[in-house]
Amino acid sequence: MKYMSKLLKIGLVAALFAVVFASCVPQKKMLYLKDAEMLTENISKEYVNDRTIDYKLQPGDNLYIHVVNTIDERGAASINGDTRGYLSSDANIYLQTTTIDKEGCIEMPLVGKVEVKNLTVDEAKNKLQTAINTYINGSMLIVKLASFNVTLLGEVSRPGMYKVYQSQINLFEAMSLAGNMTNFAKKSDVKIIRQTDNGSEIVTVDMGQADILSSPYYYLKPNDIVYVEPLKIKQWGFTTFPYSTVFSIVTLGVTLYNILK
């Protein structure tokens, strides 16, 4: 009888431990920017990353174009149109910017169509400036990429498509838009899907390691998709782990223990 009682106690304790640890994630899997050298020697370290803004404009991109000219204000106004609003919403961006058409061109008053596909914003600005100088002397052109999209999927708190109102954004800034990764995110296996001239490119980066700061993929580009895979422990802990069976065994064990006692 005593042997049976002890066996039941051991079984109950083992079952409880199994339930607790089934959904536990080791702390080392939850950390960003791990670097063994920095941890052991307590030093600072610099990671070189040449931040080059070399995004090539593509059809569908929205450009904010504004001509400044104090000499020929009427000529500048004919190109600018009504720019009294602000680019504070998707509707305003659509109404107050110029969209690159499927042929890679934008159309401007006086100037007509100008191809800007596969040019950087600065290259497009120089090309448009040359075209405008033919009609308006002494003008200064302001050209900016109005916004671009990045999509975050998988183990993030708020998956979805997000608009970025700046020239570039890095991986950590993008994660903050989506409310950071969940505790079950596989930081060592973050996939970036990027459109190239030849199709789609998939790259895997490790956001758990500090050398991500030197990666050429640390800065995202317009229309990038970031997919964060889940840890295997999530599936085992929440999907396939037999909680109902364990609780049934625990309940049966408690009942038998009380009867035998």
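In region 204-261, which residue that is part of a loop (DSSP other than H, G, I, E, B) and open to solvent by 80 Å² or more (accessible area, probe 1.4 Å) is modelled with the highest pLDDT?
Restricting to residues being part of a loop (DSSP other than H, G, I, E, B) and open to solvent by 80 Å² or more (accessible area, probe 1.4 Å), the top hit is 216.
Kindly indicate the residue of region 138-171 that is at pLDDT below 85 and either open to solvent by 20 Å² or more (accessible area, probe 1.4 Å) or part of a loop (DSSP other than H, G, I, E, B) (or both) and also nearest to residue 225 (Cα to Cα) among those meeting that condition.
The residue in question is 168.
In region 79-130, what residues are at pLDDT below 90 and in a helix (DSSP H, G or I)?
Once the filter is applied, which keeps residues that are at pLDDT below 90 and in a helix (DSSP H, G or I), region 79-130 yields 79, 80, 90, 91, 92, 93, 94, 95, 96.
The values are calculated or read from the model by the stated rules, or taken from the named source; none is laboratory data. Please read all numbers here as calculations on a predicted model, not as lab measurements. Only protein heavy atoms, including side chains, enter the accessible area calculation; ligands, DNA and RNA are left aside. Shrake-Rupley method; radii C 1.70, N 1.55, O 1.52, S 1.80 Å.
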